[in-house]
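The values are calculated or read from the model by the stated rules, or taken from the named source; none is laboratory data. Everything numeric in this text was worked out from a predicted model, so none of it was measured. Cβ: placed from backbone, ideal geometry, glycine included. Neighbour counts: every protein chain shown. Areas reflect the complete protein model, heavy atoms only, side chains present, ligands, DNA and RNA absent. Shrake-Rupley method; radii C 1.70, N 1.55, O 1.52, S 1.80 Å.
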Amino acid sequence: MVLSELNWDHHVPLPKLTHSQARVLVCLAALLCFMNSYDGEFVFDDSEAIINNKDLKPDTPLSNIWRNDFWGSNLSSNTSHKSYRPLTVLTFRLNYLLAGGLHPVGFHVINIGLHGAISVLMIDVFAILIGGLAYDGKGKRLNQAPKASSLAALLFAVHPIHTESVAGIVGRADLLCALFFQLSFLTYCRAFQQGNSKDDRFSTAWIVISLVLCAVAMLCKEQGITVLGVNAAFDILMVCNVNVHELAQRVLFRQKVADLSELFRRGFLTRMALLSFGGALLVYARWRIMGTGPPAFTEVDNPASFAENVFLRKLVHAALLGLLGMNVARCALRSQQWRSEEALFTSALSVCPLNAKVHYNVGKNLADRGDQSAAIKYYREAVRLNPKYVHAMNNLGNILKERNELVEAEELLSEAVRIQPDFAAAWMNLGIVQNSLQKFGDAEQSYWNAIRFRRKYPDCYYNLGRLYADLNRHLDALNAWKNATMLKPDHSLAWNNMVILLDNTGNLAQAEVIGKEALRLLPNDHTIMFSLANVLGKLQKYKESEGFFLSALNINPNSASCHGNLAVLYHRWGRLDMAKKHYEMSLKLDSNAPGTKENYNMLLRKLEQQQQRKTTV
């Protein structure tokens, strides 16, 4: 039997639209709100989840996305947030492959399209929640509140609360989770399409499919599992028509509870058992995946939320249009602010002036753009607002280190590791500062603390090697740099330092071997070419040395030192005209190049003597 629309639906101030027209309207509204974010930059958490996430790159094994968290860290790491969203990361990887690199436009377009699809599906969701679950005689689901469901979906589409999820690329986790959340709910509703909501017939297959879609939603973002609670509540309230208030009153006042046998007869217990079993299985799987341990969050990672509650109720045309217009304008404004990190973080200051993380984000953005003086101000404010904000202390300490304000830098970094003893990066930075202060013993201990808390830490091994080199502990330095290159084969500085140290200590044959091994891994690194060319020149392998010098100059033609050293090679080789040419190029690029002027003058005297001998003869 075809059920009529709800009596009050025709009072909703929206023109009557066909199902297709309503979908097009909602989709266009959703796209209109956020389309100006399509050419935005990578901002905020995009740097960690996308730019620095190796799991997106084609040369990273695809299996890594199933072992790592959303940020590319191994789930077993003590610093992992345990955010397991492999399907979201997979879509980022597909974006990377299709665009041939990290181009934000493609990422933004997908997010905007997902928001449009989700908004359209909300028509079906609201149709069920507002108008109930009803079917005609052919099993086709009816929309008993077409105007109300379309209006609700329209308000959903243009609500500015979605800005972060749509305009921020990492918000795709929310979008994908919402999409499969909707599909799981709608699929659960479809389990009752064989009859009306008062029938005892339902499809177990559709409920199982709903559970699978719940699992997919969880693999996009953890909150996907909450759809099971929505499905259960929908079953109790709208399928079984349980009057929860009346039931609670009877239990509370110990009155006779109505006969529930009818409820059980209609398969309610079977459905709840399926949902409970499926939910328990998913929770257990999630618990095992995250290593049976809780995620590691700092206090500022999850600040208090600010929300406004807006209560209306007369629905008049002017108020409705005003609300829609205000939301559209707000969406456009907020998505504009999400176009760059500078605009995003600056806007956050006016909303949350006492939030330490906002000040930290503004400071980090300023530091990334080279404005260290302004960054210091915001980092200091972040530490003032939250004296235990170790990441702000670490970043502030780094800037002070670069400005040679070493004493304060040491105090900040020492406090950071006191508050969080397993903060490996802070330990390494503290070691660098202590090394600069010539506190060599303290620096060595700080480096080893960093390695203890992060075993695979190539940059720390590199800095430890520099410490050992300063202390003339050459073997220890070589071992530290070798560890750095084993952990990070493309660590150019570690390779180059090994070549230079072996050269300086007279181990030329070993320096040649190390240099050539480095170039097999880094064939376009002109600094290693330069160092290896110097070694080969000392070994009197002039032709081979010349080749590496010329290759280095081909990559970096304005290197005064490379021209100068190539000139020295030609000088030794006896090719004096070529030596003269490259001495002059070196002096043209850098008139104060150390030793070059003296060598050039020596060459000129030699050429003059040769000319005099020719004249005498």
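Arrange the residues Thr226, Thr91 by how much accessible surface each exposes, largest first, with a 1.4 angstrom probe. Mind dumping the intermediate values first?
Values: Thr226 75, Thr91 35 Å².
So the residues, ranked largest to smallest area, are Thr226, Thr91.
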Exercise. If the cut-off is a Cα-Cα distance under 20 Å, which aspartates and glutamates reach Lys357, setting aside same-chain residues fewer than 8 apart in sequence?
Worked result: Asp45, Asp46, Glu48, Glu164, Glu299, Asp301, Glu341, Glu342, Asp368, Asp371, Glu381, Glu415
Exercise. Of Ile110, Ile514, which has the most accessible area and how do the rest follow, probe 1.4 Å?
Worked result: Ile110, Ile514
For this session: Subtracting the Cα-Cα distance from 0.36 nm times the residue separation, let me have the gained length for Thr270 to Thr18 in nm, one decimal.
Result: 87.0 nm
Exercise. Which value, in Å² and to the nearest 10, is the accessible area of Asp503 when all protein chains are kept and the probe is 1.4 Å?
Worked result: 20 Å²
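Using the structure shown, list the pairs from Lys57/Lys516; Lys377/Lys401; Lys456/Lys488; Lys541/Lys588; Lys543/Lys581; Lys221/Lys388 with a Cα-Cα distance above 20 Å, or answer none. Spell out each step's value before the answer.
On the way: Lys57/Lys516 27 Å; Lys377/Lys401 15 Å; Lys456/Lys488 9 Å; Lys541/Lys588 28 Å; Lys543/Lys581 18 Å; Lys221/Lys388 29 Å.
Over 20 Å Cα-Cα: Lys57/Lys516; Lys541/Lys588; Lys221/Lys388.
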For this session: Would you kindly state how much longer the chain becomes between Arg613 and Arg452 on full extension, computed as 0.36 nm times their sequence separation minus their alpha carbon distance, in nm to one decimal?
Result: 51.2 nm
Exercise. What's the FRET efficiency of Val208 with Ser492 using the Cβ-Cβ distance as r and R₀ = 41 Å, to the nearest 0.05?
Worked result: 0.15
Seminar exercise, completed: Using alpha carbon centers only, the stretch 460-531 is separated from the stretch 546-563 by a whole-angstrom value of 20 Å
Problem set entry | For the chain, accessible area per residue (1.4 Å probe, heavy atoms of protein chains only), Å² | 52 Å²
Exercise. What accessible area, in Å² to the nearest ten, does a 1.4 Å probe give for Val109?
Worked result: 80 Å²
Seminar exercise, completed: For the chain, the percent of accessible surface on carbon and sulfur atoms (probe 1.4 angstrom, ligands and nucleic acids excluded) is 58 percent
Seminar exercise, completed: Residue separation between Trp66 and Leu28 times 0.36 nm, minus their alpha-carbon distance, gives in nm 10.1 nm
Problem set entry | Estimated distance in nm for a label pair at Ser47 and Leu333, the labels positioned 7 Å out from Cα along Cα-to-Cβ | 2.7 nm
Problem set entry | Where Asp45, Asp442 fall by accessible area, highest first, once all protein chains stay in place (1.4 Å) | Asp442, Asp45
Problem set entry | With all protein chains modelled, accessible area of Arg271 [1.4 Å, Å²] | 0 Å²
Problem set entry | Expected-Rg normalisation [2.2 N^0.38 Å, Cα atoms] applied to the stretch 115-159 | 1.17
Exercise. Looking at (i) 0.98; (ii) 1.52; (iii) 1.33, which value of Cα Rg over 2.2 N^0.38 Å comes from a calculation on the structure shown?
Worked result: (iii)
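For the stretch 21-66, what number results from the quotient of the Cα radius of gyration and 2.2 N^0.38 Å?
On the way: Rg = 16.6 Å, N = 46, 2.2 N^0.38 = 9.4 Å.
Output field value: 1.77.
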